[in-house]
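First the structure, in the form of structure tokens, and then the observations on it.
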Amino acid sequence: MTIPFTLVVPCYNEEQRLDLHAFRSFLGATPLAHVLFVDDGSTDATRAVLERFAAESGGSATVLVQPRNGGKAEAVRCGMRHAIASGATLVGFWDADLATPLDAVFDFVGILSRRPDIEWVIGARVLLLGRDIQRRVLRHYLGRVFATAASMALAMPVYDTQCGAKLFRVNNDLRQVLARPFVSRWVFDVEMISRLHKLRLRDHGRPAVSSIFEVPLHRWVDVAGSKVRTRDFVKASVELFRIWRDPLPPSEHPGTP
């Protein structure tokens, strides 16, 4: 591992689910990694737990506190902008429940190290022989329906937009993607890809598909206590239409967080 990277971990009432031992082991074994926890206005003891962990981490972990709950999309956006402003070269986000194990990020960093043409690496939950992908049946099939709709809306063959494990090369396009709040609260991952695609077409006359790489995960486990509900797939479908219609501003000038 020769490239420093920051993982943004959005947290809302995660006091009982945070596997601090896993984060501690990961940071201890990965000197170039930094974890930025974003407390999204939690009403339990999440903030205190995170701040205590950060204080004991020797600088490997920090906490960004949102004064009120604004949703995962805004927590991730603010966290990534904060990480970029702090000088991150690679920045990503990771679900706090560690459904995707932290060591999967090594594959992501490796791809960005070897492939200068790749700017975004995103995890994909593909059940293949030799992989351990554990998803509830109903959520799997609802997810596949949504993923197909998202692929059609984006006009690119993306398999899994919603996996909560992604890593990005920091550049001006990423800054512009994060410059304004997302219109979507539930499927901002799709919105990020859509914004990049529209930026590339507008500014460079070429699609973004060649700069995004999907990695089939070796392990993903549907952790109990997820805040995603079946009815949220309906909301996500509505937001997909809003994303498809949302135009880029005539000119984007990203500022500081």
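The values are calculated or read from the model by the stated rules, or taken from the named source; none is laboratory data. Small disclaimer: the values here were computed from a predicted structure and weren't measured. Here the Cβ positions follow ideal geometry from the backbone for every residue, glycine too, while neighbour counts run over all protein chains shown. Side chains are part of the model used for accessible areas, which takes the heavy atoms of the whole protein and leaves out ligands, DNA and RNA. Shrake-Rupley method; radii C 1.70, N 1.55, O 1.52, S 1.80 Å.
Under 8 Å by Cβ, and 6 or more places apart or on different chains, what pairs join a residue from the stretch 152-173 that is within 12 Å of E214 (Cβ to Cβ) and touching a residue at least 24 places away in the same chain (Cβ under 8 Å) with one that is among the aliphatic types (A, V, I, L, M) and surrounded by fewer than 16 Cβ atoms within 10 Å (Cβ to Cβ)? Every condition considered, the pairs that remain are M156/V209; P157/V209; Y159/V126; D160/V126.
Restricting attention to the stretch 96-120, the residues being aliphatic (A, V, I, L, M), out of contact with any Lys or Arg (no Cβ under 7 Å at 6 or more places or on another chain) and not in a loop (DSSP other than H, G, I, E, B) number 5. Within the stretch 135-176, the set of residues being of a type in the set (S, T, N, Q), open to solvent by 20 Å² or more (accessible area, probe 1.4 Å) and part of a loop (DSSP other than H, G, I, E, B) comprises Q162, N171. For the stretch 177-209, filtered to residues that are open to solvent by less than 20 Å² (accessible area, probe 1.4 Å) and among the small types (G, A, S), the residue that is farthest from the chain's Cα centre (by Cα) is A208.
Among A73, A55, A29, A45, which is the only one that is open to solvent by less than 20 Å² (accessible area, probe 1.4 Å) and aliphatic (A, V, I, L, M)? After applying the criteria, what remains is A73.
Pairs linking a residue in the stretch 130-148 that is free of Cβ contacts under 8 Å to residues at least 12 places away in the same chain and closer than 16 Å to K235 by Cβ to a residue that is of a type in the set (D, E) and assigned to a helix (DSSP H, G or I), with Cβ atoms under 9 Å and 6 or more positions apart or on different chains, do not occur. Scanning the stretch 1-21 for residues that are open to solvent by 60 Å² or more (accessible area, probe 1.4 Å) and free of Cβ contacts under 8 Å to residues at least 60 places away in the same chain turns up at least one hit.
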